[in-house]
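Everything on this sheet refers to the single structure shown next.
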Amino acid sequence: MDPNPGQESALRSHCGAQRFAFNWALGCIKAKVDQRKAEASYGLDGDELTPSVSWSAYSLRKDWNQVKDAVAPWWQENSKEAYSSGLANLAAALKNWGDSNKGRRKGRKVGFPRFKGRRAGLSCRFTTGSFGLDRDRRYVKLPRIGVVRTDESTRKLARHLECGRARIRSATVSYRAGRWFVSFSVEITRDDPAPVQPGVTVGVDLGIKSLAVLSTGEAIANPKHLEVAQRELRRLQRQASRRQGPDRRTGQKPSNRWRKTQARIVRLHIMVANARRDGLHKLTTRLVRTFGAIVLEDLNVAGMTKNRRLARQVAGVGMAELRRQVEYKASWSGVYVHVADRWYPSSKTCSDCGVVKAKLRLSDRVFTCSSCGMSMDRDLNAAHNLAKLAEATTSSPSCGATVNEPDGNPHKTRTTRAAGIATGRLAPKGTGQRRHRKVSAHDTLSHVS
């Protein structure tokens, strides 16, 4: 958005009101929780304890309406949606914390919500009132703020609204790196085009040297946006180190010049992220609109980033984001997406005869099969194997089986596991470095004879 000074002041006021309501409700909850803990330490229990506070958004909003005149006599300066959004955000944060502690939420543990400072991210959500698009597709309307001009045209959303295919449900304004943004949550009836080649399956092998190598032979170069920005980023970080930064131990506050340098660093990171996201969107859209089936790998990106030599390069590719975009865009167009097993040896398997190599160093960029003599680029060979994996999965479980002929020391190779996953099937439970077969009575007699 491109607000004038008065509108920018109103936007900041609404975001501050959202933060105020969030902190007020969190303070009330923490006070009640601490009071109940103190009373329990005194030996009180049951009805003797202070009544607990409901953490739902409806209850928090009800409590806020009862005390808002005394707590915030200036609350009428902003839309009521600003306070409601802050309370709704706190209710969601408390629910995530509770689900995480009880094991109902996957991923890393979620901590208890913390108070928001004045320099926290500015945002506010509107769900009721007069908001949406306004005249000549270059303006948006927000409650109590008015009509705000946008730097970008809203014609795409306007066309859907005019045809009756979309309905705006909410609008969220946010401030990032010196710019104001508005994001609309839209309920829309999608009518995405079918892929141009519905009968073609493509395997996509992601990497660092090339962003993606397709089984069709096309290699998409890695733009390396973060690497290009490293020179300017190093200069700004050296500049920030010469400024007076914050120190929590001594309570030292940062200087204004340090804040300005940090703001420039943030803008540079956002530019890199936007450029990366734009490239991934263009690539995934082209894949979904071209091929009828797409095969990706289930990569352990978190584990790959632990390699100190490749962590920055792996993080700069955006492998997880590419998979996320392909999956949700494919659901719109009816494209089949197959995710290969994490232990599927796509790079070690010969795409011609199916022999699986026991060892393949990362520095070996050309795959040479010791059985049939086929020689091919490592990434292109992996892409061919991924494409064949989807065809074998859709046809029959027995298709695409490969023969495992390990090289080198057989005691250091997972022969049984490699043979099991060559077709995309999981290895038998209990497999390790070596799997010993139980000796039967028939085998013993034949050995003696």
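Tell me which residues, restricted to the stretch 22-32, are within 25 Å of ARG118 (Cβ to Cβ) and either without any contact (Cβ under 8 Å) to a residue 24 or more places away in the chain or not in a helix (DSSP H, G or I) (or both). Result: LYS30, ALA31.
Within the stretch 179-202, the set of residues being open to solvent by less than 50 Å² (accessible area, probe 1.4 Å), in contact (Cβ under 8 Å) with a residue 60 or more places away in the chain and either out of contact with any Gly (no Cβ under 6 Å at 6 or more places or on another chain) or within 17 Å of CYS124 (Cα to Cα) (or both) comprises TRP180, VAL182, ASP192, THR201, VAL202. Across the stretch 137-174, the qualifying residues are those that are open to solvent by 70 Å² or more (accessible area, probe 1.4 Å) and in contact with a Ser or Thr (Cβ under 8 Å, 6 or more places away or on another chain), and the one among them that is modelled with the lowest pLDDT is ARG137. The single condition among (1) assigned to a loop (DSSP other than H, G, I, E, B); (2) of a type in the set (Phe, Trp, Tyr); (3) more than 31 Å from the chain's Cα centre (by Cα) that TRP64 does not meet is (1). Give the stretch 194-238 a look and list any residue that's farther than 23 Å from SER351 by Cβ and polar (S, T, N, Q), or say none. GLN230, GLN237 - these are the residues of the stretch 194-238 that are farther than 23 Å from SER351 by Cβ and polar (S, T, N, Q).
Determine whether the stretch 387-398 contains at least one residue that is modelled with pLDDT under 50, within 33 Å of the chain's Cα centre (by Cα) and open to solvent by 80 Å² or more (accessible area, probe 1.4 Å). Taking every residue of the stretch 387-398 in turn, at least one turns out to be modelled with pLDDT under 50, within 33 Å of the chain's Cα centre (by Cα) and open to solvent by 80 Å² or more (accessible area, probe 1.4 Å). Among the residues making up the stretch 324-360, those that are over 18 Å from ASN385 (Cα atoms) and open to solvent by 60 Å² or more (accessible area, probe 1.4 Å) are ARG324, GLU327, TYR328, SER331, TRP332, GLY334.
Out of the residues in the stretch 54-80 that are among the hydrophobic types (A, V, I, L, M, F, W, C) and touching a Leu at 6+ places or on another chain (Cβ under 8 Å), which is most open to solvent (accessible area, probe 1.4 Å)? Here the answer is TRP55.
The values are calculated or read from the model by the stated rules, or taken from the named source; none is laboratory data. Because the structure is a prediction, the values reported are computed rather than measured. For neighbour counting, all protein chains shown are included, and Cβ atoms are generated from backbone atoms with ideal geometry for every residue, glycine included. All accessible areas refer to the heavy atoms of the entire protein, side chains included, with ligands and DNA or RNA removed. Shrake-Rupley method; radii C 1.70, N 1.55, O 1.52, S 1.80 Å.
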